[in-house]
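Visitor: A single structure is presented below for examination.
A short reminder: the numbers here are calculations on the coordinates, not readings from a lab. Just so we're clear, the structure is a prediction, and the values are computed from it rather than from any experiment. As a convention, Cβ positions derive from the backbone with ideal geometry for all residues, glycine included, and neighbour counts pool all protein chains shown.
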């Protein structure tokens, strides 16, 4: 417990939530790193697709990037409308639930959950790839490094959103300034371009397009759109900002759009200028950096900043998924413990589940970013489409001033992202997108089954029915049954607890040998605790089965409720618990489904020094054995 408290921090008061709110600048670090750092793998994903048609096809990198930037601008303006319409933090699920109905809202939620898990895995895998590109000797440690980074990010997020944003501030701005400096140097002083081999001459005009094919261009566009994931995170996290929240959130959204557009276009220009192609041990970003500034100290600073920023980009998901799962839990679509806040005022169960799922995914693909990219962005673009469509309906229903302009903007966003989603599904299906297509319906089925279960429980428990309509609790006697094994202080304490619960107390002992049973009964009578003893003789080794059968007979003839009070030794050390008999655990598990049986524990806490051997005990024991 001490190590955990040292890692996570001391508990926070509920009133301290206000101190965890972030500024517009903090929003870039806490909610925008996913989108900003996508420049490390978005251009690479496009180049990997285009290179299948030869290096001449890489000339299309710039126009395809321009189309992606145009979609980015449209999304930034669209999500500014989301911030206006849902300042409480909408998200695709909340927008769809209000405007499109329960079915499509579950599709949005399932899509976002898949995207959040993939975002963590892709961010960490890309961060490790950037590190191993700069330090090739670390490539065999790709998976362990990824798991270690994931563990560190998880701990940071368990400490709280505000603390995480402050911790991410420095690496975020080192990364942004470093990439912008690389672009500036590469554009103004491309002195290192000659070090990169020139690409073969390419066909011109329509011949190039005809040689490559429309499908390949669409696949490259779909791959590059992975750079747009995370654009929605700011709109989802509006409540995290300081007042005035909408103004700060829209300012952060605009800053994100401007920075991401500049970096995407700049890197695309440098990629074409330096004739960058796919290499097995070097990322595209690493090649561009080396060509622009060389492999000196500045290269390694930016490489380390990129690794750190990519790893921290997972914070977008750690901030988004726990909030989403808490909302789903409150709507009875996930287990209710997802809505519980921990000591640090975080939804810790969502954080832990996200970390576990991401770790499984990283292990499954061996930390390979390229294996994750085909599955990436489908979920988030599905959410894009549903949220924009829901906003069109929202503006039409509420009709604020100039509502038609807002509806038109969101309608264009919905159409563009819907087309992009279809392109993703068609172009990436056989490369891994089928996993997402299969996972999303399964998650929706899980949501529905949980919701139906909670609905049945609410009906049986009459949840929501007024107190006047509930049956009045009836008073009645209780029979307290205590399993006993020996006459000890544990038994004495348990009997005292039993008398506090009810006057009718019965001790039950399971014996395997008739002579031992008689000896125990005589000792019990001599002790005379004022409690009747029932001895159960059995020919089998199980203690639990005779006790359960005896309690079954009591249920039939006892009109009141039966309380089974299990005496239990509670040692101070965690490892010492393994040294004690676990019969109480097995008995409680066997009885917990009985309708008229209450299972309780009578604990006896051992002192701290019980495991320490008194001085001279070994010598006395030796003399006694002589």
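Visitor: How would 412, 50 line up from fewest to most surrounding beta-carbon atoms within 10 angstrom? Mind showing how you got there, number by number?
Guide: Values: 412 15, 50 26.
So the ranking, lowest neighbour count to highest, is 412, 50.
Visitor: Starting from the Cα of residue 493, step 7 Å along the direction of its Cβ; do the same at residue 605; then give the gap between the two resulting points in nm.
Guide: Output for this residue pair reads 0.9 nm.
Visitor: State the Cα centre-to-centre distance between the range 289-315 and the range 208-274 in whole Å.
Guide: 19
Visitor: On a full-extension model of 0.36 nm per residue, what is the gain between residue 341 and residue 173, subtracting their alpha-carbon distance, rounded to one decimal in nm? Intermediate results must be reported in sequence, preceding the final value.
Guide: Details: separation 168, 0.36 × 168 = 60.48 nm, distance 3.07 nm.
Length difference between fully extended and current span is 57.4 nm.
Visitor: I'd like the distance between the alpha-carbon centres of the range 74-100 and the range 375-391, rounded to an integer number of Å.
Guide: 11
Visitor: Determine the shape class of the range 22-454: with a ≥ b ≥ c the square roots of the Cα gyration tensor eigenvalues, call it rounded for a/c under 1.5, and otherwise prolate if a/b is greater than b/c, oblate otherwise. Present the calculation step by step, with values, prior to reporting the outcome.
Guide: Details: a/c = 1.60, a/b = 1.37, b/c = 1.17.
Prolate shape, in that a/c is at least 1.5 and a/b is the bigger ratio.
Visitor: Where does each of 243, 555, 253 land when they are ranked from fewest to most other beta-carbon atoms within 10 angstrom?
Guide: Numbers: 243 9, 555 14, 253 27.
Listing 243, 555, 253 from fewest to most nearby Cβ atoms yields 243, 555, 253.
Visitor: Let me make sure I get this right: for the range 388-453, a, b and c are the square roots of the gyration tensor eigenvalues over alpha carbons, sorted descending. Under 1.5 in a/c it's rounded, otherwise prolate if a/b > b/c, else oblate. Which is it?
Guide: Values: a/c = 7.19, a/b = 1.47, b/c = 4.88.
Oblate shape, in that a/c is at least 1.5 and b/c is the bigger or equal ratio.
Visitor: Would you mind ranking 510, 39, 423, 356 so that the residue whose beta carbon has the fewest other beta carbons within 10 Å leads the list?
Guide: Values: 510 22, 39 26, 423 17, 356 13.
Ordered from fewest to most neighbouring Cβ atoms within 10 Å, 510, 39, 423, 356 come out as 356, 423, 510, 39.
Visitor: So, R0 is 51 Å and r is the distance between the beta-carbons of residue 272 and residue 330; what FRET efficiency does that work out to, to 0.05?
Guide: Working: r = 50 Å, r/R0 = 0.98.
Using R0 = 51 Å, I get an efficiency of 0.55.
Visitor: Among rounded, prolate and oblate, which fits the range 331-395 when a ≥ b ≥ c are the square roots of the eigenvalues of its C-alpha gyration tensor, a/c under 1.5 means rounded, and a/b larger than b/c means prolate? Write down the numbers at each step before the final one.
Guide: Values: a/c = 2.87, a/b = 1.06, b/c = 2.71.
Since a/c reaches 1.5 but b/c is at least a/b, the shape of the range 331-395 is classed as oblate.
Visitor: Follow-up. Length gain on complete extension for the stretch residue 430 to residue 556, per 0.36 nm per residue less the alpha carbon to alpha carbon distance?
Guide: Details: separation 126, 0.36 × 126 = 45.36 nm, distance 6.19 nm.
Contour length minus Cα-Cα distance gives 39.2 nm.
Visitor: How large is the Rg to Rh ratio of the range 107-160 when both quantities use alpha carbon positions and Rh follows Kirkwood?
Guide: On the way: Rg = 13.4 Å, Rh = 12.3 Å.
Result: Rg/Rh = 1.09.
Visitor: Right, another one. Please give the contour-minus-distance gain from residue 262 to residue 148: 0.36 nm per residue of separation, less the Cα-Cα distance, rounded to one decimal in nm. Please list the in-between numbers first.
Guide: Details: separation 114, 0.36 × 114 = 41.04 nm, distance 3.19 nm.
Result for the pair: 37.9 nm of gain on full extension.
Visitor: Over all pairs of distinct alpha carbons, what does the Kirkwood formula give as the hydrodynamic radius of the range 45-131, in Å?
Guide: On the way: mean 1/r = 0.0622 Å⁻¹.
Computed over the range 45-131, the radius equals 16.1 Å.
Visitor: I would also like to ask the following. Once the Cβ-Cβ distance between residue 448 and residue 405 is put in as r, and R0 is 41 Å, what FRET efficiency do you end up with, to the nearest 0.05? Could the numbers behind the result be given before it?
Guide: Numbers: r = 38 Å, r/R0 = 0.92.
It comes out at approximately 0.65.
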